[in-house]
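So the structure is just underneath, and the comments pick up after that.
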Amino acid sequence: NFTLQTVSLLVRTMKFAVVALGAIYGATFGSAFAPAHTASFSKPSSSSLNVAAEDKKVGFDQEQFIAESKEMRLKHLEEQAMYALKISCENYDNAVFPNAMIAGDVVITHLLHRMGYIKDGKCTIMVVDTFHLFPETMEFLKEIEEYYDFKAEVFCAEGIPVGDKEAYDKRYGADLWKENIEEYDRVCKVEPFQRGLKTLKTDCMINGRTRWQGFERAWIDQFENAPIGGGLAKCNPLAYWTLEDTFDYIAKYKVPHHPLHAKGYPSIGDAKDTIPIPEDGSVRFVDFKFEGDKTQWLDYASERKGRFVGLANADGSTKTECGIHVSGAEKTWDRDLWEADKSKVKKIESTEEAIKVKDSGKPSVMVVYAPWCQFSQKMEDEYEAFAAKFGGEVDVYSFRGDEEREFVQANLNTKSFPTVNVIKPDGTAVKYESEVRTVDAFKKFVDETLA
């Protein structure tokens, strides 16, 4: 039962709450609801009741209320993200932020700078150069390195100097992504990404994934255990942000952002498979404001619509992830082909060995292959059977060529995998041109070539 004393206490409490809210939000809290003018307290005549009602409606500024509500939301999201970054950088020894310089990532970079974690070294910024990025991306990296006064740790395909696209093409092939997109992802994204985390001794990985980006990420939280790197901690400080929140934040703080946003790209990945949305580039983010119909960028799961365009997974499904955040993506084939301890086919381990075989003066058969290539995989059994049946008459070799592109092109007639050559006693390599890869077909070609 409520007593008069209880009622009085409730009234005082409510008054205090109103005053407190006013103190916290100041003019912001009340301004959207302020009357258009000071009302008279004299009793209105009946003829003035409708006018008073209209005045009351006019007193609510809907646009101002929306703007203030968005500002309140952004403030909350900012505080939430900063708290997550505080935990990541102060509770772990080696927090690492792999930065792709997309919209969410530049917000995280800004926050890490504001909080002092870049300057004091509590967070390291890492970048993966796939050698297929837009030229503007690595140039933008230089800009933010200078702006925020840091130097990113850059990783790329194994065995290739940073920034040396020519060396990459020689070893892996400029068209690897066309030959096998999973292997391309492994070589250019997943492996260097994981090597970077290991090299930097990462125990907490910070990244810009959000629930708004699509159903594959719809249930992520601010912290989780990553399915890679042995289960290290993974911080998603922007997990609950929409893309609109992200661009609102960029605009509010004038955050440096990727120049391709001004050319119609909501998200930026590899140049080979990233397009503007819509394709005519009519939606842009220029001078911290949107031009065109921004909903084409900001709708749910629309941020990445322009990514992985024209690409499909091995099972034929549409590609939506590169594998960096996916368990098991670091391995695109289960084993090597014609394994040395199990096969009748002799394994060539180096370019030097391959030259020795060519210069030996003995006839031989050599297949140049890639273990991830489905056509190489399909011919494994027939080539193994050929070696078992005719290996006593002619030496039968295998040589993995996908990491020695320049060599196999120059010395072993190889432009695609698999390529079978018969090596004549004078060292000439004669290419087997047929797509029929059977024991009898191989035998016939060997006999005709060596006759």
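The values are calculated or read from the model by the stated rules, or taken from the named source; none is laboratory data. Bear in mind that the values here come from a model prediction, so they are computed numbers and not experimental data. Reconstructed Cβ throughout: ideal geometry from the backbone, glycine too, with neighbour counts over all protein chains shown. Each accessible area value is taken on the protein alone, full model and side chains, heavy atoms only, with ligands, DNA and RNA left out. Shrake-Rupley method; radii C 1.70, N 1.55, O 1.52, S 1.80 Å.
For the range 55-120, with all protein chains in place and a probe radius of 1.4 Å, 53% of the accessible heavy-atom surface sits on carbon or sulfur. Set the bar at 25 Å for Cα to Cα. Now go through Lys189/Lys358; Lys165/Lys358; Lys119/Lys252; Lys86/Lys151; Lys201/Lys305; Lys122/Lys305 and name every pair that lies beyond it. With Cα atoms farther than 25 Å apart: Lys189/Lys358; Lys165/Lys358; Lys201/Lys305; Lys122/Lys305. Once the chain from Lys443 to Thr295 is taken as fully extended at 0.36 nm per residue, the excess over their C-alpha distance is 47.0 nm. Which percent of the accessible area of the range 339-440 is formed by carbon and sulfur heavy atoms (probe 1.4 angstrom)? That fraction is 45 percent. Think of a 1.4 Å ball rolled over the protein heavy atoms: the range 366-406 then has 40 Å² of accessible area per residue.
Note on Glu143: accessible area approximately 110 square angstrom, rounded to 10, probe 1.4 Å, nucleic acids and ligands left out.
Of all aspartates and glutamates in the structure, the ones whose alpha carbon falls short of 16 Å from that of Lys178, not counting any fewer than 8 places away in one chain, are Asp169, Asp270, Asp273, Asp315, Asp402, Glu403.
The alpha carbon centroids of the range 187-216 and the range 87-156 are separated by 12 Å. Computed over protein heavy atoms with a 1.4 Å probe, the accessible surface of the range 199-299 works out to 41 Å² per residue. Classification of the range 160-252 by its C-alpha gyration tensor yields a prolate form. The axis ratio a/c (a ≥ b ≥ c) is 1.5 or more, and a/b outweighs b/c.
Once you reduce the range 251-299 and the range 411-443 to the center of their Cα atoms, the two points are 50 Å from each other. Give the shape of the range 333-425 as rounded, prolate or oblate, defined through the alpha-carbon gyration tensor: a ≥ b ≥ c are the square roots of its eigenvalues, a/c under 1.5 means rounded, and otherwise the shape is prolate if a/b is larger than b/c and oblate if not. Here the range 333-425 falls in the oblate category.
For the listed residue pairs Lys356/Lys424; Lys75/Lys142; Lys389/Lys431, the alpha carbons are over 25 angstrom apart in Lys75/Lys142.
Modelled spin labels at Glu71 and Arg335, positioned 7 Å past Cα toward Cβ, are 6.6 nm from each other. Structural descriptor for the range 384-451: relative contact order 26 percent, calculated from alpha carbon pairs under 8 angstrom and at least 6 residues apart. With an a/c value of 1.5 or above and a/b not larger than b/c for the gyration tensor axes a ≥ b ≥ c computed over the alpha-carbon atoms, the range 400-451 is described as oblate.
Of the whole protein surface, His76 contributes about 110 Å² of accessible area at a 1.4 Å probe radius. Ser282 exposes around 50 Å² of accessible area when a 1.4 Å probe is run over every protein chain in place.
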